[in-house]
Amino acid sequence: MTNVNYEPIIGLEIHIQLLTRSKIFCSCSAQFGGVPNTQVCPVCLGMPGVLPVLNQNVVEYALKLGLATDCEINPRAQFARKNYFYPDLPKGYQISQFEQPFCQNGKIDIEMGDFVRSVRLTRIHAEEDAGKSMHAEAYVGTDETLVDVNRCGVPLLELVTEPDIRSPEEAAFFLIHLRQLVRYLGICDGNMEEASLRCDANISLRPRGETGLGTKTELKNMNSFSHVESALNYEISRQYQMLSSGEKIEQETRMWNVDRGITESMRSKEFSHDYRYFPDPDLVPVVVDDDWIERVRRDLPELPLQRKKRFIKEYALPEYDAKILTEDRAIADFFEAVAIKVKDKKAASNWVMGEVLRCLKEKKCNIDELRLEADSLVEIIQLIESGTINSKIAKSVFNDVIESGDSPKKIVKEKGLMQITDHDAIEKAIDQVLQAHPDEVDAFRGGKDKLMGFFVGQVMRATDGKANPKSVNVLIRKKLSGS
């Protein structure tokens with residue numbers, strides 16, 4: 001880590017793969033995981049004489065992200081050719097944006113503990129993805145490199161931050177917030193393992209108190225939040241050691257070696273003029289008028305931070321509950337569909353945060369894939385509130401609903417799970433338990449109050465969990481006190 005005499009300066013470049021059905025300039029499928037080299041056509045391969053046609057959804061998604069991050073929307077955006085050679089770039093250039101991106105000068109607020117940090121955004125621009133190089137040893141037993149061009153032309157948004165981030169932890173928090181945001185907007189699934197959210201980090205050190213920037217290195221090959229944090233920590237330590245010994249930092253691109261836990265040099269860092277940008281002659285400028293912007297603005301969902309604040313105010317939830325419930329838009333929607341129909345909002349929160357999230361984790365699925373309607377959970381909570389079933393039985397009913405899809409009321413009725421509230425029936429079960437455990441009765445009367453839990457448990461077992469626990473507690477105490 002750095003000495004107190006230096007501070008890290010970090011900026012991020014994040015590629016966001018868009019959830020469009022087709023690619024950015026042709027009708028080929030943009031779906032992940034297809035058979036290599038099957039989702040291609042002359043347009044996305046850049047064959048001579050072909051003409052790209054812009055996918056309108058890409059513009060809509062760019063505007064969504066720009067508006068959600070307080071960006072200025074440029075009224076006129078231009079695509080440009082970025083020229084460089086790479087084996088998986090069959091055109092020899094990439095269609096991107098340079099001087100006229102869709103969005104610029106925005107910000108993203110990130111929560112870090114008890115305070116909120118604003119990270120400025122330089123720009124958000126659209127571009128096409130390149131292909132993928134794969135080392136073939138695992139496939140064909142040779143050391144050749146194979147190329148899959150399915151990803152060529154898949155639409156991306158590149159979000160570039162200002163160098164406002166001051167620690168690896170902040171960088172990880174930023175990525176977590178950004179992934180949450182793009183999922184809320186419905187423009188990206190945020191899956192870093194499938195490379196639908198990819199992060200490059202620029203990192204330099206400077207003496208504390210100075211305002212200039214040091215020589216930066218760019219870090220690549222980081223496909224998780226922990227990898228980003230680890231790579232930045234390593235690079236900070238490496239640069240500090242070099243500066244302390246009088247060595248010069250070279251501007252270069254470095255790769256994060258996950259297995260060795262170090263960064264390794266890949267190549268010297270290019271500058272923008274190295275790419276020889278020029279306006280793409282096959283694509284006309286995109287004119288974004290005020291009406292278009294307002295249509296997109298009206299379609300924006302409530303964003304995570306605003307929704308969290310509303311849940312705290314409207315449903316009187318603790319901040320922790322509101323944070324957990326709003327991490328995923330579908331979960332937040334589900335909770336709200338339950339909360340508006342029950343009296344006890346905290347009970348709705350507890351059920352979603354407890355049983356629902358547990359079930360999703362066990363089944364490794366999304367809330368939309370779970371056999372559970374919001375109305376079913378409402379019914380379970382109302383059955384508890386009315387005294388028809390107790391909390392223990394409710395969890396059993398919940399599991400039955402997940403497995404069968406039947407309504408809670410039907411399950412309770414068919415299985416005879418109604419709570420026993422009749423005092424005579426409960427007293428009869430208590431008498432049987434007390435008669436079967438005379439030693440424990442004497443110990444309780446001798447001052448061992450902790451045995452109350454034992455007696456309650458035995459009565460609940462004797463009644464198959466159907467007795468009202470509050471009634472059981474009251475009646476046992478009356479019996480044992482002799483009143």
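The values are calculated or read from the model by the stated rules, or taken from the named source; none is laboratory data. No experiment lies behind these values; they were computed from the predicted model shown. Glycine also receives a Cβ, built like all others from the backbone with ideal geometry; neighbour counts cover every protein chain displayed.
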- Those residues of region 16-32 which are crowded, with 22+ Cβ neighbours inside 10 Å and of a type in the set (Lys, Arg), in sequence order: Lys23
- In region 33-68, residues that are surrounded by 15 or more Cβ atoms within 10 Å (Cβ to Cβ) and within 29 Å of the chain's Cα centre (by Cα) total 17
- Any idea which of (1) in contact with a Ser or Thr (Cβ under 7 Å, 6 or more places away or on another chain); (2) at pLDDT 95 or above; (3) over 26 Å from Ile187 (Cβ atoms) is the one Ile312 doesn't satisfy? (1)
- Message: Checking Ser118 against (1) modelled with pLDDT under 95; (2) surrounded by 15 or more Cβ atoms within 10 Å (Cβ to Cβ); (3) in a strand (DSSP E or B), only one condition comes out false. Which one?
- Response: (2)
- Query: Residues in region 1-40 that are polar (S, T, N, Q) and within 23 Å of Gln241 (Cα to Cα): how many?
  - Reply: 3
- Message: Among the numbered criteria (1) modelled with pLDDT under 90; (2) crowded, with 16+ Cβ neighbours inside 10 Å; (3) among the small types (Gly, Ala, Ser), which one does Gly212 miss?
- Response: (2)
- Only one of these conditions is not met by Pro48: (1) free of Cβ contacts under 8 Å to residues at least 12 places away in the same chain; (2) of a type outside the set (Val, Ile, Thr); (3) not in a loop (DSSP other than H, G, I, E, B). Which number is it? (3)
- Note on the structure: Of the residues in region 414-470, those that are modelled with pLDDT of 75 or more and of a type in the set (Gly, Ala, Ser) number 8
- Message: For region 302-379, give me every one of the helices (runs of 4 or more DSSP H) that falls completely inside it and has 1 or more residues that are of a type in the set (Val, Ile, Thr), crowded, with 19+ Cβ neighbours inside 10 Å and not assigned by TED's automatic domain parsing to the domain that holds Lys64.
- Response: 319-325, 329-339
- Task: Kindly list, by first and then second residue, each pair from a residue in region 55-66 that is assigned by TED's automatic domain parsing to the domain that holds Gly106 to a residue that is buried (at least 18 other Cβ atoms within 10 Å of the Cβ) and of a type in the set (D, E, K, R), limited to pairs with Cβ atoms under 9 Å and residues at least 6 apart or on different chains.
- Result: Asn55/Lys23
- Query: Within region 315-338, can you find the residues that are farther than 20 Å from Tyr184 by Cα and touching a residue at least 12 places away in the same chain (Cβ under 8 Å)?
  - Reply: Tyr315, Ala316, Leu317
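If I ask for residues that are among the aliphatic types (A, V, I, L, M) and surrounded by 13 or more Cβ atoms within 10 Å (Cβ to Cβ), which ones from region 273-301 would you list?
Keep residues of region 273-301 that are among the aliphatic types (A, V, I, L, M), which gives 283-284, 286-288, 293, 296, 300.
Result: Leu283, Val286, Val288, Ile293, Val296, Leu300.
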- Taking the residues in region 283-301 that are in contact with a helix residue (DSSP H, G or I) (Cβ under 9 Å, 6 or more places away or on another chain) and in a loop (DSSP other than H, G, I, E, B) as candidates, determine which candidate is farthest from Lys346 (Cα to Cα). Val288
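Table: residues versus (1) modelled with pLDDT of 95 or more; (2) more than 32 Å from the chain's Cα centre (by Cα).
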{"residue": "Lys248", "(1), (2)": "no, yes"}
{"residue": "Asn257", "(1), (2)": "no, no"}
{"residue": "Met266", "(1), (2)": "no, no"}
{"residue": "Arg297", "(1), (2)": "yes, no"}
{"residue": "Arg307", "(1), (2)": "yes, no"}
{"residue": "Pro318", "(1), (2)": "yes, no"}
{"residue": "Phe334", "(1), (2)": "yes, no"}
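With respect to Ala30, is the statement that it is in contact with a His (Cβ under 9 Å, 6 or more places away or on another chain) and under 30 Å from Arg295 (Cα atoms) true?
On the way: in contact with a His (Cβ under 9 Å, 6 or more places away or on another chain): no; under 30 Å from Arg295 (Cα atoms): yes.
So Ala30 does not fit the description; no.
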